[in-house]
Amino acid sequence: MDPDAVKSTLSNLAFGNVMAAAARDYQKEIVAKEKAQAANASHDEVDLDELLDDPELEKLHAERIAALKKEVEKREVLKRQGHGEYREITEGDFLGEVTGSEKVICHFYHREFYRCKIMDKHLKTLAPVYLGTKFIKLDAENAPFFVTKLGIKTLPCVILFKKGIAVDRLVGFQDLGSKDDFSTRALENILKMKGIIDEKKKDEDDEDDETDMSMNRRIRSSTAQDSDSE
């Protein structure tokens, strides 16, 4: 037999043995990894069961439910006070409205003024977003006493009240670049800067209606559980 052929055959056999050994080692490694993963999964399940019975976790859950209840109750109170929408009031309502909430934005307007309609549009957009502030408007023609008392000479005039005291105002569009095409965001930023609306929006969350529904579902569930336990 040709010596070179013999040498080639032996070399091929040796290479084949090496590859077979490597394949066996790889298979062992895969099996070991699978066993380790299964063990970890079982360990995770045990840990999860322990967590579910953890009194500290139960306490945190109860505190979270209580906080959600409190938030829902607070929002319901604000809504009953007229928050969450942009409403028109009369001169007779004025004092009760501006003293009945901590933060109030009141737009004195004229029905025929185009710029008053622009301001209306933006305030109507912001009202449901910033629940902590009351948004109202008053026809200046039908409120001569307060127009005089507050020294209103230019419309639109948006007066900002804190605890019943007029603390600032927007006269015309002076703070908005004196242009009609300002954005709602521009007005929003000015109102934030003046401290009449909060930096944080209502559940910017808001996700607003969906968050409300989720909160209510959790509270109802918690209440039902409390009733069952009694």
Out of Val98, Val129, sole residue that is under 21 Å from Gly82 (Cα atoms), in the same structural domain as Phe173 (by the TED database) and in a loop (DSSP other than H, G, I, E, B) = Val129
How many residues of the stretch 113-156 are over 20 Å from Ser178 (Cβ atoms) and either β-branched (Val, Ile, Thr) or open to solvent by 30 Å² or more (accessible area, probe 1.4 Å) (or both)? The answer is 17
Report yes if some residue within the stretch 76-83 is more than 19 Å from the chain's Cα centre (by Cα), of a type in the set (D, E, K, R) and more than 21 Å from Lys194 (Cβ to Cβ); otherwise report no.
-> yes
Tell me, please, whether a residue that is in contact with a helix residue (DSSP H, G or I) (Cβ under 6 Å, 6 or more places away or on another chain) and either in the same structural domain as Glu91 (by the TED database) or open to solvent by less than 40 Å² (accessible area, probe 1.4 Å) (or both) can be found in the stretch 191-198.
-> yes
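The values are calculated or read from the model by the stated rules, or taken from the named source; none is laboratory data. This one's a predicted model, so the numbers in the text were calculated from it and none came from an experiment. Cβ sites come from the backbone with ideal geometry, for glycine too, and all protein chains shown count toward neighbours. Side chains included, ligands, DNA and RNA excluded: accessible areas come from the protein's heavy atoms. Shrake-Rupley method; radii C 1.70, N 1.55, O 1.52, S 1.80 Å.
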